[in-house]
Amino acid sequence: MKKLSSSLLALALFAGSLFGMSSCGKYLDENPDGRYVDGNTPYKISRFLTYAYPLASVAHISELSSDNTYEDETRNLYREEFQDLAVDWKPIATKDGSAAYDGTLKLWEAYYYAIAQANEVLTLIEETKDYGDRNMASRAEALAVRAWSHFQLANVFCLPYNFDGQGGATNLGVPYIAERVTTILPDYPRGTLKETYEKIDKDLQEAIPLLEKYNIYQNDIRRFHFTAESAYAFAARFYLYYNQPDKAKEYADKLLGSTPASQLRNWAGNYTGIDAANANAKALAYYRPTNAANLLVISLYTNYQFTTTSGESFTNSRYTHSNKCAADETLWKNIWNVGRNRDEYNFAPYIYDKVFIDKIYQPKLPILDGDRTIEVQLTTDEALINRAEAKIRLGDLAGGLADLNVWTQAYLRPGLAKRTFTQAEIEAYYNALPYADKTTRSPKKHLTKAHFKLHDGSTITEGTATEALLQYVLQCRRILTLHEGLRWQDIKRFGIDIYRWKKVDAGADTYEVPADGVLLGSDLRHAIALPQQAITGQIQQNPR
């Protein structure tokens, strides 16, 4: 093991104290060698940023928590405790199987480890008092990734912003670590969600102007780091969640400009020449860091790719985005009338309905060596849909619809599906649909419990044009971000009730919602329980 500086040793001990000492040894063994430990040059300081991006993904636990997941125990009895607990919104007590990479303990440890690295960069810059271009670029990136990690932690372990109707002033946040830790057992309070969001905002507002001014990365690696473009996309998402749609639109505008079609993924051309039967080849093409639509990609560890990129995999296929979910809620149930024809999508989904496997997936996570994959975190397509939501919430229905039409024109295959729609068509479509409940599957959800107000101070009213367009936004984003975990955030922000549909008769294709399979939009379990190992000192468990 290479010799460590005293500050880095404190950082490692801090990580161990937060993580129940589960990864301290591994951390020490995998640190960069001695040439890069003592951060006395801008280049050596910037090396810490390699480790400031979390090596764990929130996607798996978020998808299991959301209404994108149905259960089929009639044909697939295989399960893991992690999945059983996550789909039932119970505390994740296990560290075995998928939980080793995707459980709450791993998320807690991975994100705080990344935060500690970002703080080391910021501290070393202040200690050297070198404010040259490279250090200022590193400062910008460290601030952005520190904000990102705290934001992701809040998305998992906190209630949505304004759940309490007081801007999160009475809801728990996450410990916001904004300094180098110098004690072995630090004791940081969680604070309020209001405070957490204020600190994310502060870091992001300081980072963006610096990212706009300084750039040290070439095009071949830019997508693996925060840049001005990825920070704009992050800000567009963050300010939607922060109930500031005007600022969400501002940053989406900076990213997309007035001709967003030219900024989107080339859905029609990106997969040309790829063997349609090779899902992993499609996943590799999806994440490609040279694709300008991919604004931030992160190499990390998970085993979610074996569910979503390997259709024949029996493992972890009891809880999936099933054919029934696709038929009644997502891919085959929408205004463009796609009828179980995968080719109507440029990014064609893979359909499995076999003896033991019932799932539909879009390959986004490439299967690499071991449990490593690469995940696309921010895209121009999501930013465009976020801008559409912001415009609609601000009262610009026509502008929001125009953005959605730009996206569907890119996403759907011409000649096989209708690709643009009028406001009247969207209103008619959603007005004719039933609302989802315990006996009815539908893409149309009750939105009256949303944790935000519209531009005029009102809440969402059912049967209005605004409601119909927001339903459409949610449907477009649900399909675009399938397997990415963002549906869970929409569930939380809009106060949507979840009904956990479970197949009870394979022959009759019958589904029911069990008595404990309902999560109301007002349920405190929208904040996933902290790992028990994290409950120390001033850190409190989420109330139930």
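The values are calculated or read from the model by the stated rules, or taken from the named source; none is laboratory data. Small disclaimer: the values here were computed from a predicted structure and weren't measured. Cβ coordinates were reconstructed from backbone atoms using ideal geometry, including for glycine residues, and neighbour counts include every protein chain displayed.
Key figures
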quantity: Count of residues meeting criterion [of a type in the set (D, E) and not in a loop (DSSP other than H, G, I, E, B)] in region 76-114; calculated: 4
quantity: Residue, surrounded by the fewest Cβ atoms within 10 Å (Cβ to Cβ), within region 292-306, restricted to residues that are in contact with a helix residue (DSSP H, G or I) (Cβ under 8 Å, 6 or more places away or on another chain) and not in a strand (DSSP E or B); calculated: A292
quantity: Filter result for P434 (of a type outside the set (A, V, I, L, M, F, W, C), part of a loop (DSSP other than H, G, I, E, B) and within 23 Å of the chain's Cα centre (by Cα)); calculated: no
quantity: Failed condition for Y176, given (1) under 26 Å from L519 (Cα atoms); (2) assigned to a loop (DSSP other than H, G, I, E, B); (3) not aliphatic (A, V, I, L, M); calculated: (1)
quantity: Criterion: at pLDDT below 95 and charged (D, E, K, R) - qualifying residue of R222, R190, R139, R146; calculated: R222
quantity: Within region 356-366, considering residues that are part of a strand (DSSP E or B) and either under 19 Å from Y286 (Cβ atoms) or at pLDDT 90 or above (or both), the one nearest to the chain's Cα centre (by Cα); calculated: Y361
quantity: Selection status of K418, assigned to a loop (DSSP other than H, G, I, E, B) and farther than 30 Å from T259 by Cα; calculated: no
quantity: Failed item, numbered, when T259 is tested on (1) within 26 Å of D72 (Cβ to Cβ); (2) of a type in the set (S, T, Y); (3) without any contact (Cβ under 8 Å) to a residue 40 or more places away in the chain; calculated: (1)
quantity: Subset tally (residues that are closer than 23 Å to H321 by Cβ and free of Cβ contacts under 8 Å to residues at least 12 places away in the same chain) for region 369-412; calculated: 0
quantity: Which listed residue is modelled with pLDDT under 90 and of a type outside the set (S, T, Y), from D353, D328; calculated: D353
quantity: Pairs where the first residue, in region 222-234, is farther than 14 Å from A293 by Cβ and the second is assigned to a loop (DSSP other than H, G, I, E, B) and at pLDDT below 95, C-beta under 6 Å, 6+ apart; calculated: H225/Y217
quantity: The listed residue being in a helix (DSSP H, G or I), out of contact with any strand residue (DSSP E or B) (no Cβ under 6 Å at 6 or more places or on another chain) and more than 13 Å from D381 (Cα to Cα), out of A261, A207, A268; calculated: A207
quantity: Considering residues of region 508-544 that are of a type in the set (D, E, K, R) and modelled with pLDDT of 95 or more only, the residue nearest to W108 (Cα to Cα); calculated: R525
quantity: Options Y232, Y239, Y176; residue that is modelled with pLDDT of 95 or more, aromatic (F, W, Y) and within 21 Å of W488 (Cβ to Cβ); calculated: Y239
quantity: Selection within region 367-391 - touching a helix residue (DSSP H, G or I) at 6+ places or on another chain (Cβ under 7 Å) and either under 27 Å from R75 (Cβ atoms) or at pLDDT below 90 (or both); calculated: I367, D371, T373
quantity: Selection count where residues are in a helix (DSSP H, G or I), of a type in the set (A, V, I, L, M) and surrounded by fewer than 16 Cβ atoms within 10 Å (Cβ to Cβ), scope region 524-540; calculated: 1
quantity: Residues satisfying the stated conditions in region 461-498, i.e. free of Cβ contacts under 8 Å to residues at least 24 places away in the same chain and assigned to a helix (DSSP H, G or I); calculated: D490
quantity: Residue list for region 418-472, restricted to those being touching a Ser or Thr at 6+ places or on another chain (Cβ under 9 Å) and acidic (D, E); calculated: E427, E462, E467
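Table: residues versus (1) polar (S, T, N, Q); (2) surrounded by 23 or more Cβ atoms within 10 Å (Cβ to Cβ); (3) farther than 23 Å from F157 by Cβ.
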{"residue": "L469", "(1), (2), (3)": "no, yes, yes"}
{"residue": "Y472", "(1), (2), (3)": "no, yes, yes"}
{"residue": "L480", "(1), (2), (3)": "no, no, yes"}
{"residue": "G485", "(1), (2), (3)": "no, yes, no"}
{"residue": "K492", "(1), (2), (3)": "no, yes, no"}
{"residue": "D497", "(1), (2), (3)": "no, no, no"}
{"residue": "W501", "(1), (2), (3)": "no, yes, yes"}
{"residue": "A506", "(1), (2), (3)": "no, no, yes"}
